[in-house]
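Quick notes on the structure that follows.
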Amino acid sequence: MPNPIEAYLGYLESVRSLSARTVRSYREDLSLYAASLAQEGVATKEAGRADVQAFVASMARSGYASSSINRALSAVKGLYRYLMRYEGLAANPARDVEALALPRRLPSFLFEDEMAEFLSGIEGEGFKAARDRALFETLYATGCRLSELAGLTLAALDLAGGKARVFGKGAKERVVFLSDAARRALAAWLPYRAAAARRSGAAAGDWLFLNARGGRLGERGIAWLLEGYAAGRGPARRLHPHAFRHSFATHLVGRGADIRSVQAMLGHESVSTTQVYTHVDIERLRSVYERAHPHAARRGPGATPKEDAS
């Protein structure tokens, strides 16, 4: 009899077209669930609500973060929805198991002047400087996910039209737009890319961004490049590729873009996912206020406003 978890993972990969990394995460979470059931001698299709609750409790006792537990619970719920739809399971034992409460965390982002300072700090000439300017200008201009940026191809790029086609979650295609700065940076990068592609041959493929060997510049490579720039002259707080996506959305909302348009540009399925950026913008305004208003100025945690000398 086929393993129901393996059947579900195959469905996610072949039918839902989820990325290999996402499927790997599902596999890890569901392997933990299978191990929990095995300890009790319960088959996947015979599990009840109590078994799912016991799994959640065991993860909590083992010290997993609430976000990790909720992700695993989501994977279990998806597994049973699949089994109900395709293998005739009568009920979903995980349906009414509630996720753990999470502290509300606003996404990290750069202020507009911080972003401008970061991008202007990529100096020099040659292959690396031209590529990195094009890479990060494109990341900021489009609001792409890291996987979408690494997956950009020459065929998907319309430099004259100022746009590109990217494939997001679930292989869903959408159009993203290129700022003038991104278009200039890409135009400067393409001759270097062409020269590198000629040297490397088939290794270059149709990928837009290449590494020093002329092969595809992948997600880890992009993240490593960003870490290097951030460590050298970036903002004091930790900078990661997704902060560019958060900055893109925050700056649009802050300049009056409607939330539905931002949702479409980010490729979010639900507008509720995008609405966090309205809260981020409020926090951005609060930070500006506290930095700029003389009676609100902060000198550190617990600091009190300066007394009026007059």
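The values are calculated or read from the model by the stated rules, or taken from the named source; none is laboratory data. As the structure is a computational prediction, the values presented were derived from the model and not from experiment. For neighbour counting, all protein chains shown are included, and Cβ atoms are generated from backbone atoms with ideal geometry for every residue, glycine included. For accessibility, only protein heavy atoms count, side chains too; no ligands or nucleic acids. Shrake-Rupley method; radii C 1.70, N 1.55, O 1.52, S 1.80 Å.
Between helix 20-40 and the chain there is an angle of about 30 degrees, using the helix long axis and the longest principal axis of the Cα atoms.
If DNA, RNA and ligands are ignored and the probe is 1.4 Å, what is the ranking of H242, H251, H268, H295 by accessible area, most exposed first? Please list the in-between numbers first.
On the way: H242 75, H251 10, H268 35, H295 135 Å².
Descending accessible area places them as H295, H242, H268, H251.
The residue among I222, A243, P93 whose Cα reaches farthest toward the positive pole of the charge dipole of the chain, with charges on the beta-carbon of Lys, Arg, Asp and Glu, is I222.
Using R0 = 35 Å, the C-beta based FRET efficiency linking S120 and R24 works out to 0.40. In the chain, taking the dipole from charged Cβ atoms about the Cα centre, the farthest positive-side position among Y33, A212, S17 is held by A212.
Length gained on full extension, A57 to V15, computed as 0.36 nm times the residue gap minus the Cα-Cα distance: 11.9 nm. About the centre of its Cα atoms, the range 1-52 shows a dipole size close to 220 debye [charges on the beta carbon of Lys, Arg (+1) and Asp, Glu (-1) only; nearest 20 debye].
The simple spin-label model puts a point 7 Å past each Cα toward its Cβ; for D258 and L190 those points are separated by 3.4 nm. Comparing L178, G168, A130 along the charge dipole axis of the chain, the residue lying farthest to the positive side is A130, per the Cβ-charge model. Over the range 110-239, the fraction of Cα-Cα pairs per 5 Å bin, rounded to whole percents and listed from the shortest bin up, is 2, 10, 21, 24, 22, 14, 5, 1, 0.
With a/c under 1.5 counting as rounded, go ahead and sort the range 1-143 into rounded, prolate or oblate using the C-alpha gyration tensor (a ≥ b ≥ c being the square roots of the eigenvalues; past the cut-off, prolate if a/b is larger than b/c, else oblate).
Since a/c reaches 1.5 and a/b is larger than b/c, the shape of the range 1-143 is classed as prolate.
A simple charge model with +1 on the Cβ of Lys and Arg, -1 on the Cβ of Asp and Glu and nothing else charged puts the dipole of the chain at about 440 debye relative to its Cα centre. With the helix formula -39500 (n - 2.57) applied to DSSP H stretches of n ≥ 4, the chain reaches a computed 222 nm mean residue ellipticity of -18000 deg cm²/dmol. When you count the other C-beta atoms within 10 angstrom of each residue and take the mean per peptide, 16-28, 145-157 line up highest first as 145-157, 16-28. Annotation: Cα Rg of the chain relative to the compact-globule expectation 2.2 N^0.38 Å equals 1.21.
Assuming R0 = 41 Å, can you tell me the calculated FRET efficiency for the pair D180 and V271, based on Cβ-Cβ distance, to the nearest 0.05? Intermediate values should be presented prior to the final figure.
Details: r = 29 Å, r/R0 = 0.70.
Rounded to the nearest 0.05, the efficiency is 0.90.
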